[in-house]
Amino acid sequence: MKHSALKQFLDSKVELYDRPGFIQNDPISVPHLFTKKQDIEIMGFFAAVFAWGQRITIINKCKELMERMDHAPHDFVLHHSDKDLKRLLHFKHRTFNDTDLLYFISFFKKWYHENNSLEPAFSMHIKSKDKDVINALIGFRKLFFNGDHAAKRTFKHISSPQQNSACKRLNMYLRWMVRKDDKGVDFGIWEKIKPGQLFCPLDLHVERVALKLGLLEREQSDWKAVIELTENLRKLDKNDPVKYDFALFGLGIMEKF
């Protein structure tokens, strides 16, 4: 497919899937249950980290966690008592368990006591000349595990390009927080990171469609594939390449392209 025809085709699919109807069955529906910025950030983060497996299970597990935090995640991470933390025991989603959850809560408690937003945890690592968020992803993981009390098992839940991971969950989270449009799906509540710096989240559906459309040649789902795909999407829209995540994901899961 020629460049102009491919752009026109994918733009039409972005228009089709980047709309509120997309939210209902997607993990992004979880942070959309909140209006307070910090609540959106915290539950968006959990929804992204939990995002593997069936989408309905992911959403239900997030709602279970919300209930354990009295539907006020920011208030909970700031003001919980040791007794409150006992409510989190025995929480489990696939390989994510209460040991991991308690560490996440401890990080958020320390972070939000000193910061009003989670954005600097990513943006502080970006240099002025950076064209993308690779340093943000690497720096965030180092910051997240900067303490000395994280269990070894918890490290696997936050990925990094340094491990050659596709970093699907963090890239998806950044899309939610950073992208700005008038469609009502992505939040666009962060200012220091630009949409043009984002990488496309690479999951099985996106990968399959990208391979079919010639946007991706590498068959291994790793960081190199993320770079290849995103660079090709930047040729279609350098200022907002990750909007095509809607098109590729929608074609893959809704149209079985």
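The values are calculated or read from the model by the stated rules, or taken from the named source; none is laboratory data. The structure presented is a predicted model; accordingly, all values stated were derived computationally and were not measured. Quick reminder, even Gly has a Cβ in these numbers, built from the backbone with ideal geometry, and neighbours come from all protein chains shown. Just the protein is used for accessible areas: all its heavy atoms, side chains included, with ligands, DNA and RNA removed. Shrake-Rupley method; radii C 1.70, N 1.55, O 1.52, S 1.80 Å.
Structure data summary
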| read-out | value |
| --- | --- |
| Cβ charges +1 (Lys, Arg) and -1 (Asp, Glu), total dipole of region 59-126, debye | 260 |
| Principal-axis tilt of helix 37-49 within the chain, Cα atoms, nearest 10 degrees | 70 |
| Angle between the chain longest axis and helix 223-236 axis [Cα atoms, degrees, rounded to 10] | 50 |
| Global geometry of region 76-134, whether rounded, prolate or oblate, following the gyration tensor of its Cα atoms and the 1.5 cut on a/c | oblate |
| Among Leu101, Leu89, Leu236: highest mean-square fluctuation, GNM of the chain, C-alpha pairs under 10 Å | Leu89 |
| Hits among aspartates and glutamates - C-alpha to C-alpha of Lys194 under 19 Å, sequence gap 8 or more where chains match | Asp18, Glu41, Glu119, Asp130, Asp132, Asp181, Asp182, Asp186, Glu231, Asp237, Asp240, Asp245 |
| Over the chain: Rg over Rh, Cα atoms, Kirkwood Rh | 0.96 |
| Check: the chain dipole with +1 on Lys, Arg Cβ and -1 on Asp, Glu Cβ, in debye | 420 |
| Cα-based shape type of region 1-146, given that a ≥ b ≥ c are square roots of the gyration tensor eigenvalues and the cut on a/c is 1.5 | oblate |
| For the chain, built as a Gaussian network whose Cα springs stay under 10 Å, the top-fluctuating residue of His93, His149, His74 | His149 |
| Percent accessible area from carbon and sulfur atoms, the chain, protein chains only, probe 1.4 Å | 51 |
| Cα gyration tensor shape of region 142-221, rounded if a/c is under 1.5, else prolate or oblate by comparing a/b with b/c | oblate |
| Extension gain from Gln220 to Asn25, taking 0.36 nm per residue of separation minus the Cα-Cα distance | 67.4 nm |
| Sites matching trypsin sites (Lys or Arg not before Pro) across region 181-237 that sit in DSSP coil, with at most 14 neighbouring C-beta atoms within 10 Å | Lys192 |
| Exposure ranking of Asp148, Asp39 by accessible area [1.4 Å probe, largest first] | Asp148, Asp39 |
| For Glu231, solvent-accessible area (1.4 Å; no DNA, RNA or ligand), Å² | 90 |
| Candidates per trypsin sites (Lys or Arg not before Pro) in region 55-118, loop by DSSP, up to 14 other Cβ within 10 Å | Arg94 |
| Members of Lys168/Lys243; Lys61/Lys256; Lys152/Lys192; Lys110/Lys180; Lys127/Lys192 lying beyond 22 Å, as alpha-carbon distances in this model show | Lys61/Lys256; Lys152/Lys192; Lys110/Lys180 |
| Quotient of C-alpha Rg and 2.2 N^0.38 Å, computed over region 180-257 | 1.09 |
| Volume of the Cα convex hull of region 45-84, divided per residue and given in Å³ | 69 |
| Taking the chain and dividing mean pair separation by its residue count, relative contact order in percent (alpha carbons under 8 Å, at least six apart) | 20 |
| Positive minus negative residues near Ile126 (Lys, Arg vs Asp, Glu; Cβ under 12 Å) | +2 |
| Segment Asp82-Asp182, extension gain: residue separation times 0.36 nm, minus the distance between their alpha carbons | 31.8 nm |
| 0 to 90° range, to nearest 10: angle between helix 244-253 axis and the chain longest Cα axis | 90 |
| Most fluctuating residue given options His205, His125, His79, as computed from a GNM of the chain linking Cα atoms under 10 Å | His79 |
